[in-house]
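Participant: One structure follows; several queries about it will come next.
The values are calculated or read from the model by the stated rules, or taken from the named source; none is laboratory data. Keep in mind the model is a prediction, meaning the values are calculated, not measured. A quick note on method: Cβ atoms are made from the backbone with ideal geometry, for glycine too, and the neighbour counts reach across all protein chains shown.
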């Protein structure tokens, strides 16, 4: 079984976790990029062999042809009209949990009725989600074990060539420590509520210890958390879908320009279509939180911190921050260095709480001046720095809208994160033995 090692990926910068590809040696890529290029060619042949297709008017390339580390996406070469088929994905190339085909309850207009979900329903949805992620992770590990015998070998090889998962849970010890100082008391959401702020780095290890570990096989093999992070970062809860996972995330609905039909989880083929007229140079975008085929209410719990936790990126504006179950702040960029914040349903967090977070974030700046590239990967530092700036913008922009009453709205209480002077205890060190086994 081949699993990427973090030590071989020091030059990789993660912008969008599921599109770290290189398509041309002319881009100045290194040896790993050349391997990925060759494997993409194999995957394209596999797609065609399975009766799939890709419109010649789109291309997969780097966002910046002069930067060998720039992210890769799918771009439009020639004008495309609304509803035209862009990519046809055969059902045979998906790694899917066939015994768990999601069924989404919806209103007549096709929208989810998530607001009326009871706490019991949300708890069940959370448990179902974790169960699906564990099963998908095990399915991926089984395909890794099969190696050349896997019917998905072209895709498995492609995944193995990807940089080690760049989600915070897989950051270095120093990077995790810095991120925790940045996160502090800002809780992160799950399907059924909030978790402690350190869940931004601890979630796969918690899932591994509480759920997935009980599925050890008869030979005593356990599931490495690598597969759990891959299932979340590059999977879709119920399936790994080659080529669809090349479509980048955007948080601006005006940028979303594709749709799929029938369901991406259908046993049959499904297509990726243009949702509007597309111009040359445009990139294809979807939303990680607006998964219309997914049964879980992602829009209800995936904010900017959660996108970072699950996918390892700081999403573009507008950005979303959940302070409590019914306290949601949307921050958008207005241009010329100006930002605007709005509180959904006119419910804003309390002013004392926001002021405390601003004070925490100010303290992190001095710490960041002492903690930089020499002790962590550049990509890790850049991601945390970008996230820190996003939090500062969010807190300072929403502050004028907040009430003075300290009892107005405060986030759930969580134990404080360790002091800056306290040594970091990384999940990387805690479970190093599990990684070393691989």
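Participant: So how many residues does the stretch 329-354 have that are within 19 Å of residue 189 (Cα to Cα) and in contact (Cβ under 8 Å) with a residue 60 or more places away in the chain?
Facilitator: Adding up the residues that qualify gives 6.
Participant: Which of the numbered conditions does residue 209 fail, given that it passes all the others? Conditions: (1) over 30 Å from residue 356 (Cα atoms); (2) assigned to a helix (DSSP H, G or I); (3) modelled with pLDDT of 80 or more.
Facilitator: Of everything listed in (1) over 30 Å from residue 356 (Cα atoms); (2) assigned to a helix (DSSP H, G or I); (3) modelled with pLDDT of 80 or more, residue 209 misses just condition (3).
Participant: In addition: Provide a single number: the residues in the stretch 263-284 that are buried (at least 21 other Cβ atoms within 10 Å of the Cβ) and modelled with pLDDT of 90 or more.
Facilitator: 5
Participant: If you go through the stretch 225-234 one residue at a time, do you hit one that is part of a loop (DSSP other than H, G, I, E, B), surrounded by fewer than 22 Cβ atoms within 10 Å (Cβ to Cβ) and modelled with pLDDT under 95?
Facilitator: yes
Participant: What is the residue count in the stretch 324-367 for residues that are at pLDDT below 90 and outside any helix (DSSP H, G or I)?
Facilitator: 3
Participant: Find the residue count for the stretch 309-323, including only residues that are under 19 Å from residue 396 (Cβ atoms) and either at pLDDT below 95 or assigned to a strand (DSSP E or B) (or both).
Facilitator: Residues that pass the stated criteria total 5.
Participant: May I pose another question? So which of 292, 322, 249 ends up being surrounded by fewer than 21 Cβ atoms within 10 Å (Cβ to Cβ), in contact (Cβ under 8 Å) with a residue 12 or more places away in the chain and closer than 24 Å to residue 130 by Cβ?
Facilitator: None of the other options fit; the residue is 292.
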